[in-house]
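Working notes, beginning with the structure itself.
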Amino acid sequence: MGDILSDWYFWTKSLHIVSVIAWMAGLFYLPRLYVYHVEVVGSGNETDDLFQTMERRLLKAIMNPAMISTWIFGLCLVLTPGVVGWDMIWPWTKGASVIAMTWFHMWLAARRKEFVSGSNTITGRHYRMMNEVPTLLMLVIVFSVVFKF
């Protein structure tokens, strides 16, 4: 299997990067939609329905597939011989950050369900602060991979 992964390394790496870009775009945009949903739209009106549709489609059609493909291609890279040196710190910091990013994704999905049920209690300010989480994790991931501490 290592030979196949080695032969497909550049394809796998390229698809991993594309998947990460799509996932990150959603992780940046969905909390921003939540800010506007809370602060401007409210609940129980046509605009609320529109925002719920946009949030659902972003999560289900873009973010979920991008997260899954990020994980699949990332794991393929991990299994490619010679790509990861497990005696170094960087794969561990990257792995922990990707797990945290996945937790954030799931947190956003849970918040969407609260909008659907009309039970959201989180403020726009809180969503703005949470919107910084993927940025911080992205920095850890990128610096870990580039500098290979």
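Results, tabulated for the structure shown:
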| quantity | calculated |
| --- | --- |
| Selection count, the range 1-37, where residues are among the hydrophobic types (A, V, I, L, M, F, W, C), modelled with pLDDT of 95 or more and more than 18 Å from residue 67 (Cβ to Cβ) | 4 |
| Matching residues, the range 119-149, being in contact (Cβ under 8 Å) with a residue 12 or more places away in the chain and not in a helix (DSSP H, G or I) | 120, 122, 123, 131, 148, 149 |
| Filter result for the condition that a residue is over 15 Å from the mean Cα position of the chain (by Cα) and surrounded by 19 or more Cβ atoms within 10 Å (Cβ to Cβ), over 20, 38 | 38 |
| All positions within the range 74-100 that are closer than 18 Å to residue 15 by Cβ and either of a type in the set (Ser, Thr, Tyr) or in contact with a Phe, Trp or Tyr (Cβ under 9 Å, 6 or more places away or on another chain) (or both) | 76, 77, 80, 83, 84, 98 |
| Matching option when the condition is surrounded by 12 or more Cβ atoms within 10 Å (Cβ to Cβ) and in contact (Cβ under 8 Å) with a residue 60 or more places away in the chain, among 33, 79, 59 | 79 |
| Qualifying positions in the range 117-135 - loosely packed, with under 14 Cβ neighbours inside 10 Å and within 16 Å of residue 27 (Cβ to Cβ) | 129, 132, 135 |
| Residue within the range 79-92 that is under 11 Å from the mean Cα position of the chain (by Cα), β-branched (Val, Ile, Thr), closer than 30 Å to residue 146 by Cβ and modelled with pLDDT of 95 or more present | no |
| Answer residue from the range 1-17, given it is small (Gly, Ala, Ser) and either over 19 Å from the mean Cα position of the chain (by Cα) or within 16 Å of residue 104 (Cα to Cα) (or both) and is surrounded by the fewest Cβ atoms within 10 Å (Cβ to Cβ) among those | 2 |
| Any hit, the range 1-16, residues being under 30 Å from residue 128 (Cα atoms) and small (Gly, Ala, Ser) | no |
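The values are calculated or read from the model by the stated rules, or taken from the named source; none is laboratory data. None of these values were measured; they are calculated from a predicted model. Positions of Cβ are generated from backbone atoms using ideal geometry, with glycine treated the same way; all protein chains shown enter the neighbour counts.
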